[in-house]
Amino acid sequence: MDALDWAAAQAMVCGAELRIVHAFHAPSALDPFALVAATGIEFAAIGTAASVVDDAAARVRYIAPEVAVTTRIMPGSSASAILQEAPPSALVVLGRPVHGSSRGRTVAKVLGRSRGPVAVVSFVGEIEPGPSGGRVVLAYDGERGSETAVDVAFREARRRGIDLTALLLDTAPRQGVRLDRWRQRFPEVAVRDEVVTGPVGQRIVAESHGAALLVLPEAQRPHRPFRRRLRPWARAVVETAASPILLVPDRHS
């Protein structure tokens, strides 16, 4: 429910519609246009899936009654259902994967093909807040796409009325991504920025403890323009960070 609750809160703050998508597996392939009659077992699978999304929608209406909610159930894989239903620029919210789990494969597929930002959410319970507790944390490097993540991080900090921690990762030659222009555009956002060397993944995870949001840039595969990838340093962070993560694609790619 962590991802659902976070998505409801985000939709409320942004004034956006929330679409809940649930995929289900039936004993045989169902015709999405209902041209083939379903068996009793298949009807049971449909009924169970409908109950799942109805309960989720009721929870959202309780948490954020002003949010418009729609639901969709689809046969097949979760990744296929999400990718089919999500508009190109929509924010997709997923639950945090456990290493090797089917949810991990879903997250990987959605990250690889989604055109918009993707949030990976799971709350870890009672933890000791880190240096950036209650703040937005941005981790960025000099690769193409960092500027979009920087912009999103400042906007999310302003939207929440909280401070920003900006970690410039010394993993590659930097290409002049500086925060000066964002400081001028967002004077209300207080920023703590520093250069991180050494094992950057461990440092990002430490800063994520108790953070409101962790923002990471993504990169595209050079010869596969519609496929995205995580920075090498970001892969372990997605599985171990102690805050919601927002993965941001380069809007210019």
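The values are calculated or read from the model by the stated rules, or taken from the named source; none is laboratory data. Treat the numbers as computed from the prediction; the structure is a model and nothing was measured. Quick reminder, even Gly has a Cβ in these numbers, built from the backbone with ideal geometry, and neighbours come from all protein chains shown.
Annotations
- For first residues located in the stretch 173-194 and in the same structural domain as VAL152 (by TED's automatic domain parsing) and modelled with pLDDT under 95, partners that are surrounded by fewer than 16 Cβ atoms within 10 Å (Cβ to Cβ) and not small (Gly, Ala, Ser) and lie 6+ apart or on another chain with Cβ distances below 7 Å form the pairs LEU179/ASP193.
- Residue pairs whose Cβ atoms lie under 6 Å apart, separated by 6 or more positions or on different chains, with the first residue in the stretch 145-161 and at positive phi and the second crowded, with 18+ Cβ neighbours inside 10 Å, are GLY145/PRO217; GLY145/ALA219.
- Filtered residues of the stretch 199-229 (kept if assigned to a strand (DSSP E or B), farther than 16 Å from GLU156 by Cα and modelled with pLDDT of 80 or more): GLU218
- Within the stretch 118-138, considering residues that are surrounded by 16 or more Cβ atoms within 10 Å (Cβ to Cβ) and either of a type in the set (S, T, N, Q) or closer than 14 Å to VAL238 by Cα (or both), the one nearest to the chain's Cα centre (by Cα): ALA119
- Looking across the stretch 39-76, the residues that are assigned to a loop (DSSP other than H, G, I, E, B) and at pLDDT 90 or above come down to ALA64, PRO65, GLU66, VAL67, ALA68.
- Qualifying residue in the stretch 104-113 (condition: at pLDDT 90 or above, buried (at least 17 other Cβ atoms within 10 Å of the Cβ), not assigned by TED's automatic domain parsing to the domain that holds PRO199 and not hydrophobic (A, V, I, L, M, F, W, C)): no
- Note on the stretch 114-139: residues that are modelled with pLDDT of 90 or more and within 18 Å of GLU218 (Cα to Cα) amount to 9.
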